[in-house]
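These notes are about the structure you will find just below.
The values are calculated or read from the model by the stated rules, or taken from the named source; none is laboratory data. All values derive from a computational prediction rather than experimental measurement. Here the Cβ positions follow ideal geometry from the backbone for every residue, glycine too, while neighbour counts run over all protein chains shown.
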Amino acid sequence: MEHPIEALMKTTMDNLKQMIDVNTIVGDAVETQDGTVIIPISKVSIGFASGGSEFKGSDSKGDENTKLPFGGGSGAGVSLQPVAFLVVKSDYVRLLPVAQAGSIERIIDNIPEFIEEITALFKKDKEKENSQEENSAFNAT
């Protein structure tokens, strides 16, 4: 036979399962007109408590095996906090945190972009240099 506290805890856990699923943490994606997909990411915190008491007593005839009713309760609290947005575009994926990061974290997050920009500058300089060499060789003939 199931103890009353088990039924109480099962009901609370079933209700929590209904409230929270993967879509609560990783939200529904939103697609913009330019094809960018934005996915919200959240932090979920759950608190849960359950308790009860079972009394033994005696009835008016002195029978100590008589059980009085079970008394108990349970409760839960849920906190949902947005953490970041995952931005997916055709040529890159970026995580944009909701909380403003410190300067060092922002620099570290932007290193891939800096590298791409520097690489693009070097490519432009190299192409310009090659173009000038070709023009010089053409003009010399």
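Per the listing I46, I25, the residue uniquely hydrophobic (A, V, I, L, M, F, W, C), modelled with pLDDT under 80, surrounded by 10 or more Cβ atoms within 10 Å (Cβ to Cβ) and within 30 Å of L96 (Cβ to Cβ) is I25. Of the residues making up region 1-41, those that are assigned to a loop (DSSP other than H, G, I, E, B), polar (S, T, N, Q) and without any contact (Cβ under 8 Å) to a residue 40 or more places away in the chain are T32, Q33. The residue pairs whose first member lies in region 82-101 and is touching a residue at least 60 places away in the same chain (Cβ under 8 Å), whose second member is part of a loop (DSSP other than H, G, I, E, B), and whose beta carbons are closer than 7 Å, counting only pairs six or more residues apart or on different chains, do not exist in this structure.
For region 84-141, residues that are at pLDDT below 75, β-branched (V, I, T) and in a helix (DSSP H, G or I) total 3.
The numbered conditions (1) modelled with pLDDT of 80 or more; (2) in contact with a strand residue (DSSP E or B) (Cβ under 9 Å, 6 or more places away or on another chain) are all true for G57 except (1).
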